[in-house]
Each structure stands twice: as C-alpha cells, then as structure tokens.
1. Could you grab me the full set of residues in region 1-21 that are modelled with pLDDT of 95 or more, within 17 Å of Glu77 (Cβ to Cβ) and loosely packed, with under 12 Cβ neighbours inside 10 Å?
2. List the number of the failed condition for Leu38; all other conditions in (1) aliphatic (A, V, I, L, M); (2) over 19 Å from Leu128 (Cα atoms); (3) surrounded by 15 or more Cβ atoms within 10 Å (Cβ to Cβ) hold.
3. Quick one: Leu27 ticks every box in (1) touching a strand residue (DSSP E or B) at 6+ places or on another chain (Cβ under 7 Å); (2) under 28 Å from Thr83 (Cβ atoms) except a single one, so which number is it?
4. Does Leu41 satisfy the condition of being within 22 Å of Arg105 (Cα to Cα), modelled with pLDDT under 95 and of a type in the set (A, V, I, L, M, F, W, C)?
5. Going through Ala24, Ala56 one at a time, which residue ends up being exposed (fewer than 14 other Cβ atoms within 10 Å of the Cβ), out of contact with any Phe, Trp or Tyr (no Cβ under 6 Å at 6 or more places or on another chain) and touching a residue at least 12 places away in the same chain (Cβ under 8 Å)?
6. I need the full set of residues from region 21-76 which are under 18 Å from the mean Cα position of the chain (by Cα) and of a type in the set (Lys, Arg), in order please.
Amino acid sequence: MSQHTLPVRIYYEDTDFSGNVYHAAYLKFFERGRTEFLRDLGIHHHELAQEGIAFAVRSMTLEFIAAARIDDLLSVETRVAETGGVRLVLDQTISRDGKLMTTARVTVVAIRMSGGAARLPAEIRKKLVPDA
C-alpha cells in the first residue's frame, strides 16, 4: 500500500493558551497530509473537480496521545488502509522524533459535485493501490 510523509512545523497560531497545539489544528495537519499524499500520486483536486468529482470526509476517528508544542517539527504519515468502489480509508499518524503523538482513521468518499456518490475512477484506484 502507498505511504506518504509530510513534515509540519508548529507555529504560534497552532497553539492554545496552554502552549500546546490546539486539538482542531491536528485536523488541518491531517488534511494537508492527505492532500499531499494524493498530489504525490498524481491525483489533484482541481482535476477531479473538472470531472465533477470531489472527495468528502465521511468519518474520522482521532486519538490524542501526546501534546505537540511551538517549534516542534512533526511528521504526518498517511497510508491507504482500504479502498472500495466509492470509499477510501486512510490511516494517519503524527509523530515527533519517532514518538507517536496523534492517530487518525479517515474515511473519505467520492461524490459527484452535483450530489450523490461517485465511483472512484479506475485510474485513481490503480494509483492508490498499485497491486490491485
């Protein structure tokens, strides 16, 4: 299965009053990881939109294990867990110096921009799971 790593630096704007990364900021980091993962595979949101297709998050499960702080350099790892005709399940982790900080399991579905589910195009499925 495909895997991608994105480095993310923590800035003041990512933290809360305690100096720790605000919990919602992790959602942004995971989103960036998913987007760059797809981009590296040659899957671009604007090209999908031209075909009338978009990805939408259907569900997400997060576990916060340890806090990140300002100036930390984190690694966001994204890997394919499952694929289906319409859905894609991704496992994501955020770590600092090899120490696990946060995990996520994200289910995204392909939708028609006009409404309703859309099958993942075969060429996209092949990029996501080359051995399939």
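The values are calculated or read from the model by the stated rules, or taken from the named source; none is laboratory data. If you're wondering where the values come from, they're calculated on a predicted model, not measured in any experiment. Neighbour counts run over all protein chains shown; Cβ positions are idealised from the backbone, glycine included.
1. Pro7, Arg9
2. (2)
3. So Leu27 meets the others, but not (1).
4. Yes, satisfied.
5. On inspection, the qualifying residue turns out to be Ala56.
6. Scanning region 21-76 gives Lys28, Arg32, Arg34, Arg39, Arg58.
For (1) more than 21 Å from Ile43 (Cβ to Cβ); (2) not charged (D, E, K, R), each residue gets a yes or a no:
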| position | (1), (2) |
| --- | --- |
| Asp72 | yes, no |
| Val76 | no, yes |
| Arg79 | no, no |
| Gly85 | no, yes |
| Gln92 | no, yes |
| Lys99 | yes, no |
| Gly115 | yes, yes |
| Ala118 | no, yes |
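This table checks each residue for (1) among the aliphatic types (A, V, I, L, M); (2) touching a helix residue (DSSP H, G or I) at 6+ places or on another chain (Cβ under 6 Å); (3) farther than 21 Å from Val21 by Cβ; (4) surrounded by 15 or more Cβ atoms within 10 Å (Cβ to Cβ).
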| residue | (1), (2), (3), (4) |
| --- | --- |
| Asp91 | no, no, no, yes |
| Arg96 | no, no, no, yes |
| Lys99 | no, no, no, no |
| Thr102 | no, yes, no, yes |
| Ile111 | yes, no, yes, yes |
| Glu123 | no, no, yes, no |
| Lys126 | no, no, yes, no |
| Val129 | yes, no, yes, no |
